[in-house]
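Asker: A single structure is presented below for examination.
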Ligand SMILES: NC(=O)c1ccc[n+]([C@@H]2O[C@H](COP(=O)([O-])OP(=O)(O)OC[C@H]3O[C@@H](n4cnc5c(N)ncnc54)[C@H](OP(=O)(O)O)[C@@H]3O)[C@@H](O)[C@H]2O)c1
C-alpha cells in the first residue's frame, strides 16, 4: 500500500513509500483511509517537541475511511461502513490512564497517512451521515476536546463561553456552544477570521492584537460577571487573563499550549472565585461517539480551511507550523 512515513523529527523528513498491507487479527477491522486532519500534536511529533520512541512512523492521529475487511468475531460494523478510527484505540471510556493513553495512532501506532490501517473494531465511531470523509476526519481530537469542554461546564442557554483563537478546538467549541444556546465571545488576531466566526454564530468579537487586555473586554461585555467557560487553548501567554475573564464558579478548561506551557499562576482568582480549572487530555472513544452524535443531532458541519493532497503532506504541515493562518482545520485527502 502507499503510505507517507516520517523518518525523523523534522518537517522535511516525510517520504512516500510502499508498505505491506496490514492484516486484520481477531476483533480488528481493515479500514481504507480516505482523509486525515492535522492537530498540534502531529506538528509536535514532526518538530521533535513531543518525543516519540521510534522512527520511521506513519504520521497523523486523526482520520476517516471505509471498512473493507473484518477480522474474526467482529459484528459491530460491516464492509462499506464509513468510520472514524479513534487515535487511542484502547481508551474506550472513563478517565485517561497511563495504560489507555500510551498507544496512539500517528505516534506509537500507524497513523492516517496510509491507504489502509488495521484497528480494533471497538475503536470505531460512525462518520455522521451528513459529513464526508474529510469532515469526519476532523472529529477525533478537536471536536471531542471541544465537546468535553462544553459538557464539563454544563453549558446551557444563558451561559457565556470565551474562546481563544480560531483554530480547530475553538471553532468546534463555538459550534457546540451555540448549539447549546450559549453566548459566545471569541478572540482572534484577525478581523477577517472574527467575521467568519460571527457568521458561525459568535456573539462578541475581540481582536486580541488591537485589545491585548481581552479579559477586561470580556468583563465589560458581561457587566462585570465574566464567562462561565473559558476554553484555554493558548496557554502561557493567556492563562492569567483566562482566570481574570472567568465568572464566579466558572470553568477554565485547560487544554492548549500554543504559546508555551510554563504559565505562572496567581492562585487568588482561583480561590476567590471558586474556579474549576479542569485539565483535559483529548477524550475516549465514548467521548468521540458522544461528540459525533451531537454533531449529527445539530447538523454541525466541521470547518475545513484547506485540503491538501497526500503528496503535499509537507506543505500541509508547513501551513500548520506557520501558525495562525488557518481557520478551523487543515486536512489531507487520499
Ligand atoms: N489537551 C487536549 O485535550 C487537547 C486537544 C486538542 C488540542 N489541544 C491543544 O490545544 C491547542 C489548540 O489546538 P488547535 O488544534 O485548536 O490549534 P490550532 O488549530 O493550531 O489553533 C491555534 C490558534 O491559537 C490562536 N492563538 C495563538 N495565539 C493566541 C493568543 N495569544 N490569544 C488567542 N489566541 C491565540 C490562533 O488563532 P487566531 O489565528 O484566530 O489568532 C491559532 O489559530 C494546541 O496547543 C493543542 O495541542 C489539546
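Asker: For segment 175-210, which positions are in contact with a helix residue (DSSP H, G or I) (Cβ under 7 Å, 6 or more places away or on another chain) and within 11 Å of the ligand (Cβ to nearest atom)?
Answerer: Those that are in contact with a helix residue (DSSP H, G or I) (Cβ under 7 Å, 6 or more places away or on another chain) and within 11 Å of the ligand (Cβ to nearest atom): 186, 187, 188, 197, 205, 206, 207, 208.
Asker: Scan segment 243-259 and tell me whether some residue there is out of contact with any strand residue (DSSP E or B) (no Cβ under 8 Å at 6 or more places or on another chain) and at pLDDT below 95.
Answerer: yes
Asker: Which condition from (1) assigned to a loop (DSSP other than H, G, I, E, B); (2) within 19 Å of the chain's Cα centre (by Cα); (3) in contact (Cβ under 8 Å) with a residue 40 or more places away in the chain is the one that residue 84 breaks?
Answerer: Exception for residue 84: condition (1).
Asker: Which residue pairs have Cβ atoms closer than 8 Å, lie 6 or more positions apart in sequence or on different chains, and pair a first residue in segment 314-334 that is on the phi > 0 side of the Ramachandran plot with a second residue that is in a strand (DSSP E or B) and within 12 Å of the ligand (Cβ to nearest atom)?
Answerer: 328/167; 328/304; 328/305
Asker: Shifting gears a bit: Is it the case, given these coordinates, that residue 236 is within 15 Å of the ligand (Cβ to nearest atom), over 25 Å from residue 101 (Cβ atoms) and out of contact with any helix residue (DSSP H, G or I) (no Cβ under 8 Å at 6 or more places or on another chain)?
Answerer: It is false that residue 236 is within 15 Å of the ligand (Cβ to nearest atom), over 25 Å from residue 101 (Cβ atoms) and out of contact with any helix residue (DSSP H, G or I) (no Cβ under 8 Å at 6 or more places or on another chain).
Asker: Mind counting the residues in segment 30-44 that are buried (at least 24 other Cβ atoms within 10 Å of the Cβ) and within 14 Å of the ligand (Cβ to nearest atom)?
Answerer: Of the residues in segment 30-44, 5 are buried (at least 24 other Cβ atoms within 10 Å of the Cβ) and within 14 Å of the ligand (Cβ to nearest atom).
Asker: List, please: which pairs have Cβ atoms under 7 Å, are six or more places apart or on different chains, and start with a residue in segment 30-57 that is in contact (Cβ under 8 Å) with a residue 12 or more places away in the chain and end with one that is more than 13 Å from the ligand (Cβ to nearest atom) and in a helix (DSSP H, G or I)?
Answerer: 34/133; 35/133; 35/134; 35/137; 36/137; 37/137
Asker: Quick one: would you say residue 113 is outside the structural domain of residue 216 (by TED's automatic domain parsing) and without any contact (Cβ under 8 Å) to a residue 12 or more places away in the chain?
Answerer: no
The values are calculated or read from the model by the stated rules, or taken from the named source; none is laboratory data. If you're wondering where the values come from, they're calculated on a predicted model, not measured in any experiment. Neighbour counts run over all protein chains shown; Cβ positions are idealised from the backbone, glycine included.
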